1. Would you please name the residue that is surrounded by the fewest Cβ atoms within 10 Å (Cβ to Cβ), looking only at residues in segment 6-21 that are of a type in the set (A, V, I, L, M) and part of a loop (DSSP other than H, G, I, E, B)?
2. Going by what's in this entry, would residue 40 be described as closer than 22 Å to residue 7 by Cβ, over 39 Å from the mean Cα position of the chain (by Cα) and without any contact (Cβ under 8 Å) to a residue 60 or more places away in the chain?
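Derivation of every value follows stated rules applied to the coordinates shown; laboratory data play no part. These numbers were taken from a predicted model, which means no experiment stands behind them. So basically every Cβ, Gly included, is an ideal-geometry build from the backbone, and we count neighbours across all protein chains shown.
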Amino acid sequence: MSNSWFRFYHEFAVDPVSQLLTHTEQRHYIIILCLKCNGVLDRKLSPKNRESIIKKALDIPDAEFIETKNKLIEVDYIDADWQPIKWDKRQYKSDSSTERSRKCRINKESKSVARTNPYVSVSVSVNNNINKEALEEFKEHRKLIRKPLSELALKKNIKVLEGCSHEDQQRIVDTTIASGWQGLFPLKDKKQSTGKIGRAINAFNKG
């Protein structure tokens with residue numbers, strides 16, 4: 001993981017193990033954590049080149065460099081390859097700028113799809129008692145008036161059609177479309193076929 005920051009826990013200040021280290025050794029350990037964070041310790045380098053880089057970062061002579069490594073290994077803070085112990089346990093993938101960028105990109109792509117096609121067709125299984133042609137007309141109507149039709153909304157509107165003949169289901173849908181309504185409503189009475197709404201439906205169907 002290469003990142004501009006890493007998680008460092010306050011327990012380090014009072015941890016009995018960290019108290020076994022001198023202030024200088026504690027500082028050296030923190031520098032090693034920084035090298036891990038910026039990806040230096042994970043580069044494909046020979047052990048010799050890796051230790052040269054670490055030694056330069058710690059800015060200490062050879063004897064002290066070896067002593068520091070042995071001390072940090074002894075207290076189980078690093079392994080023989082200078083890798084911090086339990087690093088992955090204390091750092092989260094979500095902390096990585098790469099991971100955050102990936103999630104951000106996915107979110108943007110999802111929102112982009114939603115903007116370009118916000119009215120994705122939904123469908124539910126219906127029995128033969130439902131006038132499927134009329135139902136498809138209603139679904140298309142909802143798209144045209146830019147009102148997303150969720151699966152739940154579709155199910156509730158289908159319930160209005162249940163128990164009605166195919167002819168009455170078509171009239172219910174035609175009434176909604178002619179009136180510019182969002183939902184389906186039961187027929188009040190047969191007058192709807194001859195009244196103002198009925199005339200609007202007839203004009204709509206002829207057009």
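1. 14
2. Working: closer than 22 Å to residue 7 by Cβ: yes; over 39 Å from the mean Cα position of the chain (by Cα): no; without any contact (Cβ under 8 Å) to a residue 60 or more places away in the chain: yes.
When the stated conditions are applied, residue 40 does not pass them.
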